[in-house]
Amino acid sequence: MPRLWQENEHTSGGSTVGDTARWESALRAVPGILRADLRPGRRDPLPRHRHLGRLAHGHLVLFCVLMGIWDQNHYESFMDPATGAVSLLVVLQSAAPVLALSRPAAALWISSAALTLTAGLTSAVFGVAWPWSVPAVALHTLVLLLLSLRVRPAAAVAALGISLLTGIGAVGPHDVPQLLTLPHGAVSFAMATVLGCSLRATRVSRTRLVEQEELTAGERARRALLEERGRIARELHDVVAHHMSVISIQAQVAPHLVADPSPELRENLAGIRQNAVDALTELRRVLGVLRGDGAEGDAAAGVRHAPQPTLDGLDELLANVRAAGLDVNVETEGEPRPLSPGTELSAYRIVQEALSNAMRHAPGARATVRTHYHHGGLTVRITNTAATRPAGSVTAGPAREPGHGLLGMRERTAMLGGELAAGATPDGGWEITATLPAPLPTQPRAKDGS
């Protein structure tokens, strides 16, 4: 128990020290915040409203004009006629919120100065609603609100303190019995500051959330790209390993096919076989890394060790798709011919992914798979009509990340130096076209006289 108590005391003490350090750091930062946010020359335009545009700015200007007229009439009812200095201060007070649309700090200083000077000029004859008139309180409240929307809370609180000191400083030297506008104005100023700080905090939080969502989306896309590249690498590894195994076996059998192989031939074939075996060993190590994070379901189903599919297995794939409820037709143009294992594997996976997307996103649609063998290679086009049922009514296996399937098709096509186009069709369906280079081998020309 004593030891546990000591550990708890140490932890509590460390937390207290950390809190104290944070408070001290925050207090040391306050002067810099005030200098930066309340600098008169600081420009910070108020952005347009998302729905109203500049209409809200126009309403604000109209409000300031009306308050200025009311304020001028208010002073003239007690000071007939009102002095030119008072009228000038009323104009400045009315213009301050308009200036706050672009320079809130300068508007604060102008409005505060106008409040102070007006109180000083009118103290001799204006004792009913002194030191602040109702229109002046409304205009300065609007300035504080616009300022609090765009400065940090420390600067907003300092602006509130400056505003309250303006009224207290104007009242102090004079004996005025009625000071109702002072507490009323203080409440109004405080409410504007709190509201502005709250709205600013909400806006900042929303902005940070959007930024975080963008970072998350970018990270998700990068992870999906790496996963798809790893999947492609695992599949192509099996193709390469197959060829290396064939080379090793052929190099081992070749000496027995010759009646009297020379020592040099035996040595070269032995070297070829040993290099093939070494390459297979390294490939197995790479395979262990690539497949170390594979899906457990694939491992249980034996997918890792199954032979990689080719276009010969396309009929079986289409049969499974039809059994799942997708009406699919097949069209073949040109003379089918054997292609490289990587090309056939990529073509098969593109067809498989395109049909999976059709089942997932366009239930009830009809699909068509067209394969065109031509001199430059193979073109695969998969089209589907528009969905006839809501997409949520059909599930085609576990859900994947948005765009993951299309990303894999692009990676496979780019790996082979081909092109892929995907987009909506005029009838509301979808079409994917992949062109995979696989040129025909050139036949050597017969020499003249041969």
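The values are calculated or read from the model by the stated rules, or taken from the named source; none is laboratory data. Here the structure is a predicted model, which is why all the values come from computation and not from measurement. A quick note on method: Cβ atoms are made from the backbone with ideal geometry, for glycine too, and the neighbour counts reach across all protein chains shown. We work out accessible area using only protein heavy atoms, side chains counted, and drop any ligands, DNA or RNA first. Shrake-Rupley method; radii C 1.70, N 1.55, O 1.52, S 1.80 Å.
What to note about this one:
- Rounded accessible area of ASP427 (nearest 10 Å², 1.4 Å probe): 100
- In this Cβ point-charge picture (+1 for Lys and Arg, -1 for Asp and Glu), the range 24-123 has a dipole of about 660 debye about its Cα centre.
- Among CYS197, CYS64, the sequence by solvent-accessible area, most first, with a 1.4 Å probe is CYS197, CYS64.
- A 1.4 Å probe over all protein chains sorts HIS374, HIS184 by accessible area into HIS184, HIS374, starting with the largest.
- The figure for ARG222 is an accessible area of roughly 120 square angstrom, using a 1.4 Å probe on the protein chains alone.
- For LEU378, the residues whose modelled amide H falls within less than 5 Å of its own, excluding neighbours fewer than 5 places apart on the same chain, are LEU436, ALA438.
- Heavy-atom accessible area ranking, 1.4 Å probe, most first, across MET67, MET415, MET191, MET409: MET191, MET415, MET67, MET409
- Heavy atoms of PHE63: accessible area, 1.4 Å probe, square angstrom to 10: 80
- Inter-part distance where the range 16-77 and the range 250-272 are each reduced to a Cα centre, Å: 89
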